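To start, the structure itself, in structure tokens.
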Amino acid sequence: MAVVITPEHPASSDATALIAELDAHLTPLYPSESRHGFSVQKLITDAVAFFVVRDGGSPAGCGGIKLFGTEYGEIKRMWVRPQFRGSGYGKLMLDHLADYAMSHGVALLRLETGIHQHAAIRLYEREGLQAYSAVWWLQKRPRQSVLRKAYSVRLRFSPPGDRLLARRLK
């Protein structure tokens, strides 16, 4: 079977298992006040578009995106199971979420990730996400790193003082 990414209700058994694994992974890395991942109920309430990547029918990872009109999309609850890492599924999911955003007229992606998730940060940086200045956010959440990426047919320039890297689509 091929690798596929499909829409998934966040309360499905596969989605809840993946989210529970993500939470279990994050718990020893960060104190509870530094973990801000959406619960399954919050994903549903906030109408987060949620997807699962499957390898041969087995759930390998997940990710969601919350759209804020056409201003930006925020990536939520992205996770790849350890046994599937190194297979490119994180990049596949990130690309899928970006394509979803672009198909809804959104040209800017944002996400929040913890400072101890080094592999995730490397993936995001490899894919063109850049840390940007969000002092108020970082002051409230000192163990977080805030990243975002612009997708646009034309270069989208950031406001003065913002360190956003814009990127042309292929």
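The values are calculated or read from the model by the stated rules, or taken from the named source; none is laboratory data. Computed from a predicted structure; not experimentally measured. Note that each Cβ is placed from the backbone with ideal geometry, even for glycine, and that neighbours are counted across all protein chains shown.
Restricting to region 96-127, give me the number of residues that are part of a helix (DSSP H, G or I) and in contact with a strand residue (DSSP E or B) (Cβ under 7 Å, 6 or more places away or on another chain).
Start the filter on region 96-127 by keeping residues that are part of a helix (DSSP H, G or I), which leaves 96-103, 118-126.
Subsequent filtering for residues that are in contact with a strand residue (DSSP E or B) (Cβ under 7 Å, 6 or more places away or on another chain) retains 96-98, 100-102, 120-121, 124.
Residues that pass the stated criteria total 9.
Taking region 47-64 only, how many residues are within 20 Å of residue 100 (Cα to Cα) and either without any contact (Cβ under 8 Å) to a residue 40 or more places away in the chain or assigned to a helix (DSSP H, G or I) (or both)?
Summing the residues that are within 20 Å of residue 100 (Cα to Cα) and either without any contact (Cβ under 8 Å) to a residue 40 or more places away in the chain or assigned to a helix (DSSP H, G or I) (or both) in region 47-64 gives 3.
It is to be established whether one or more residues within region 48-61 are under 16 Å from the mean Cα position of the chain (by Cα) and surrounded by fewer than 17 Cβ atoms within 10 Å (Cβ to Cβ). Working first, answer last.
So the first thing to find is which residues in region 48-61 are under 16 Å from the mean Cα position of the chain (by Cα), and the list is 48-53, 60-61.
Subsequent filtering for residues that are surrounded by fewer than 17 Cβ atoms within 10 Å (Cβ to Cβ) retains none.
No: zero hits.
Scan (1) among the hydrophobic types (A, V, I, L, M, F, W, C); (2) within 17 Å of residue 113 (Cβ to Cβ); (3) at pLDDT 95 or above; (4) surrounded by fewer than 17 Cβ atoms within 10 Å (Cβ to Cβ) for the single condition residue 4 breaks and write down its number.
With respect to (1) among the hydrophobic types (A, V, I, L, M, F, W, C); (2) within 17 Å of residue 113 (Cβ to Cβ); (3) at pLDDT 95 or above; (4) surrounded by fewer than 17 Cβ atoms within 10 Å (Cβ to Cβ), residue 4 is out only on (2).
With the condition kept exactly as written, say whether any residue in region 37-46 is of a type in the set (D, E, K, R), surrounded by 12 or more Cβ atoms within 10 Å (Cβ to Cβ), more than 15 Å from the chain's Cα centre (by Cα) and assigned to a helix (DSSP H, G or I).
yes
Among the residues of region 100-116, how many are among the polar types (S, T, N, Q) and closer than 15 Å to residue 130 by Cα? Step through it out loud before you land on a result.
So in region 100-116, the residues among the polar types (S, T, N, Q) come out as 103, 113.
Adding the requirement that they be closer than 15 Å to residue 130 by Cα leaves 113.
Residues in region 100-116 being among the polar types (S, T, N, Q) and closer than 15 Å to residue 130 by Cα: 1 in total.
From 18, 29, 92, 97, grab the single residue that is surrounded by 13 or more Cβ atoms within 10 Å (Cβ to Cβ), closer than 20 Å to residue 131 by Cα and among the hydrophobic types (A, V, I, L, M, F, W, C). Even if it seems obvious, please write down each step before you answer.
Numbers: 18 fails: closer than 20 Å to residue 131 by Cα; 29 fails: closer than 20 Å to residue 131 by Cα; 92 fails: closer than 20 Å to residue 131 by Cα.
From the options 18, 29, 92, 97, the qualifying one is 97.
Residues are listed down the side, and each one gets a yes or a no for (1) of a type in the set (Gly, Ala, Ser); (2) modelled with pLDDT of 95 or more; (3) closer than 19 Å to residue 129 by Cα; (4) in contact with a Gly (Cβ under 6 Å, 6 or more places away or on another chain):
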{"site": "40", "(1), (2), (3), (4)": "no, yes, no, no"}
{"site": "47", "(1), (2), (3), (4)": "yes, yes, no, no"}
{"site": "52", "(1), (2), (3), (4)": "no, yes, no, no"}
{"site": "63", "(1), (2), (3), (4)": "yes, yes, yes, no"}
{"site": "68", "(1), (2), (3), (4)": "no, no, yes, no"}
{"site": "73", "(1), (2), (3), (4)": "yes, no, yes, no"}
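What pairs can you find where one residue is in region 7-18 and more than 7 Å from residue 52 (Cβ to Cβ), the other is among the aromatic types (Phe, Trp, Tyr) and modelled with pLDDT under 95, and their Cβ atoms are less than 9 Å apart, with a gap of 6+ or different chains?
10/38
Out of curiosity, is residue 19 part of a helix (DSSP H, G or I) and within 15 Å of the chain's Cα centre (by Cα)? Lay out the reasoning, then the answer.
Details: part of a helix (DSSP H, G or I): yes; within 15 Å of the chain's Cα centre (by Cα): yes.
Spelling it out, residue 19 is indeed part of a helix (DSSP H, G or I) and within 15 Å of the chain's Cα centre (by Cα).
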